[in-house]
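Undergrad: Submitted below is the structure of interest, expressed as structure tokens.
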Amino acid sequence: ARCVRKCLTPSCSCVTGRGSRAVGEDESPPPEARVMPHRWLVKTDPAVFSFDDLLERRAVTWRGVTQPLSLRHLASMRRSDDVLVYHTGARRAVVGTARVRRGAYPDPEATDPALVAVDLAVREALRRPVKLAELLTEPRLAAWVLLRIPRIHVLPVPAGAWRTVLARSRRPAP
């Protein structure tokens with residue numbers, strides 16, 4: 001069974017409005033049936049757009065995602081979902097948090113009607129960046145897509161991974 005939003009997260013804590021069971025593949029309740037927010041991770045190249053840019057602007061339109069699975073995840077984002085922001089390239093670390101201010105809508109600047117955008121509002125910078133190398137040492141995170149498929153730029157974050165990232169950001173670097 002998949003969650004209401006078909007985010008492919010087997011441990012999703014999504015509530016369908018008909019109890020706390022997951023929705024089967026053949027069912028498709030309306031998005032408003034979901035009452036629990038989801039958590040996501042978005043990747044950005046800090047040379048192009050960094051978390052510091054997001055802190056400065058306070059809110060941005062997140063667009064330009066074309067990889068099919070990442071696009072599907074972006075389209076699943078809803079208002080009030082929480083987001084981890086991850087820097088790619090040499091830094092390779094989770095650096096801050098944001099919140100979805102406006103859920104997925106057609107990308108107004110795209111010529112392809114399949115492309116979507118979301119509006120993100122900054123929440124806070126992490127006390128310290130949590131590096132990918134650090135996350136790779138955590139056995140509980142072995143199944144997380146971030147650690148298994150590095151080419152995905154928008155992905156769900158299981159509740160345990162969310163807690164682990166935030167907890168590690170509050171500890172001194174290893």
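Undergrad: Look at Leu74 and say whether it is surrounded by fewer than 22 Cβ atoms within 10 Å (Cβ to Cβ) and in a helix (DSSP H, G or I).
TA: For Leu74, the condition - surrounded by fewer than 22 Cβ atoms within 10 Å (Cβ to Cβ) and in a helix (DSSP H, G or I) - is not met.
Undergrad: Let me ask something else about it. Do you know which residues across segment 142-164 are open to solvent by less than 30 Å² (accessible area, probe 1.4 Å), closer than 19 Å to Trp62 by Cβ and hydrophobic (A, V, I, L, M, F, W, C)?
TA: Leu146, Ile152, Val154, Leu155, Val157, Trp162
Undergrad: Could you tell me whether segment 115-138 includes any residue that is without any contact (Cβ under 8 Å) to a residue 24 or more places away in the chain and over 30 Å from Pro172 (Cβ atoms)?
TA: no
This table checks each residue for (1) at pLDDT below 95; (2) not hydroxyl-bearing (Ser, Thr, Tyr).
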residue	(1), (2)
Leu8	yes, yes
Ser11	yes, no
Pro30	yes, yes
Ala33	yes, yes
Met36	yes, yes
Thr44	no, no
Glu56	no, yes
Ala75	no, yes
Asp81	no, yes
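Undergrad: Need pairs with beta-carbon distance below 9 Å; first residue over 18 Å from Gly103 (Cβ atoms) and free of Cβ contacts under 8 Å to residues at least 60 places away in the same chain and within segment 45-64, second in a helix (DSSP H, G or I) and among the charged types (D, E, K, R); sequence gap 6+ or separate chains.
TA: Listed by first residue and then by second, the contacts come to Pro46/Asp52; Pro46/Asp53.
Undergrad: Residues to consider are Ala121, Ala98, Ala117, Ala167; find the one that is out of contact with any Pro (no Cβ under 6 Å at 6 or more places or on another chain), outside any loop (DSSP other than H, G, I, E, B), more than 23 Å from Val65 (Cβ to Cβ) and small (Gly, Ala, Ser).
TA: Ala167
Undergrad: Looking at (1) in contact with a helix residue (DSSP H, G or I) (Cβ under 9 Å, 6 or more places away or on another chain); (2) open to solvent by 50 Å² or more (accessible area, probe 1.4 Å), which one does Pro139 not meet, given that it meets all the others?
TA: It fails just one condition, (1).
Undergrad: If you don't mind, there's one more thing I want to ask. Is there any pair linking a residue in segment 163-174 that is touching a residue at least 40 places away in the same chain (Cβ under 8 Å) to one that is open to solvent by 100 Å² or more (accessible area, probe 1.4 Å), with Cβ under 6 Å and at least six apart or on different chains, and which?
TA: These pairs meet every condition: Ser169/Arg127; Arg170/Arg127.
Undergrad: If I ask for residues that are more than 16 Å from the chain's Cα centre (by Cα), outside any loop (DSSP other than H, G, I, E, B) and within 13 Å of Arg91 (Cβ to Cβ), which ones from segment 45-59 would you list?
TA: Asp52
Undergrad: Here are the criteria: (1) at positive phi; (2) surrounded by 15 or more Cβ atoms within 10 Å (Cβ to Cβ). Tell me which single one Val83 does not satisfy.
TA: All conditions pass for Val83, except number (1).
The values are calculated or read from the model by the stated rules, or taken from the named source; none is laboratory data. None of the values given here were measured: they were computed from a predicted structure. Note that each Cβ is placed from the backbone with ideal geometry, even for glycine, and that neighbours are counted across all protein chains shown. The area values use the complete protein model at the heavy-atom level, side chains included, leaving out ligands, DNA and RNA. Shrake-Rupley method; radii C 1.70, N 1.55, O 1.52, S 1.80 Å.
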